[in-house]
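The values are calculated or read from the model by the stated rules, or taken from the named source; none is laboratory data. All values reported here derive from a predicted model rather than from experimental measurement. No Cβ is skipped: glycine too gets one built from the backbone with ideal geometry, and neighbour counts run over all protein chains shown.
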Amino acid sequence: NDWNEKMGASLRYPADHAAFLKRCHDEGQTRPTPLLLQYGPGDFNCLHQDLYGALAFPLQVAILLSEPGEDFTGGEFVLTEQRPRMQSRAEVVPLKRGDAVVFAVHNRPVQGTKGYYRVNLRHGVSRLRSGRRHTVGIIFHDAK
């Protein structure tokens, strides 16, 4: 694909998910990674990346199962970009019940003045002030 060529990467993904999971298993990554997360008052999820071995699928999905303002307050989905030689930049992604956000697991390409470069991403959830927040996380690679 275009990104791999621009970044000099040689990884190619199989045409179907089962073949990719077989690659994970061949590398010793055999633990499934889908998540059902529950947050209560005071809970949060630190900024992180869901990298669990040598192989990682580049995208993942989070689906909010609760209604903000009704089921909980606080608990915003947060993405940060760690840009080379610049300050990190945070984005809050406003989600409603049933909304999904698709985001990069590790890094994403950004067009700069001298071509493309990688920006590292981390994601998390801000502190819940009240109620209960439920989320499904879908990570397409298995863990070690």
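Annotations for the structure displayed:
- Among the residues of segment 117-129, those identified as surrounded by 13 or more Cβ atoms within 10 Å (Cβ to Cβ) and in a strand (DSSP E or B) are 117, 118, 119, 120, 121, 122, 123, 124, 125, 128.
- Evaluated against (1) modelled with pLDDT of 95 or more; (2) surrounded by fewer than 15 Cβ atoms within 10 Å (Cβ to Cβ); (3) closer than 27 Å to residue 52 by Cα, residue 64 falls short on exactly one condition, (2).
- Pairs where the first residue, in segment 66-91, is under 16 Å from residue 112 (Cβ atoms) and the second is among the β-branched types (Val, Ile, Thr) and surrounded by 14 or more Cβ atoms within 10 Å (Cβ to Cβ), C-beta under 6 Å, 6+ apart: 81/119; 83/119
- Scan of segment 68-87 for residues that are in a loop (DSSP other than H, G, I, E, B) and surrounded by 13 or more Cβ atoms within 10 Å (Cβ to Cβ), ordered by number: 71, 75, 76, 83
- Residue that is surrounded by the fewest Cβ atoms within 10 Å (Cβ to Cβ) [pool: residues in segment 38-58 that are under 15 Å from residue 139 (Cα atoms) and touching a Lys or Arg at 6+ places or on another chain (Cβ under 8 Å)]: 48
- In segment 88-111, residue nearest to residue 18 (Cα to Cα) [restricted to those that are in contact with a Pro (Cβ under 9 Å, 6 or more places away or on another chain) and assigned to a strand (DSSP E or B)]: 104
- Of all residues in segment 44-92, those being of a type in the set (A, V, I, L, M, F, W, C) and farther than 11 Å from residue 126 by Cα number 14.
- Where residue 55 falls short, out of the listed (1) within 11 Å of the chain's Cα centre (by Cα); (2) more than 22 Å from residue 134 (Cβ to Cβ): (1)
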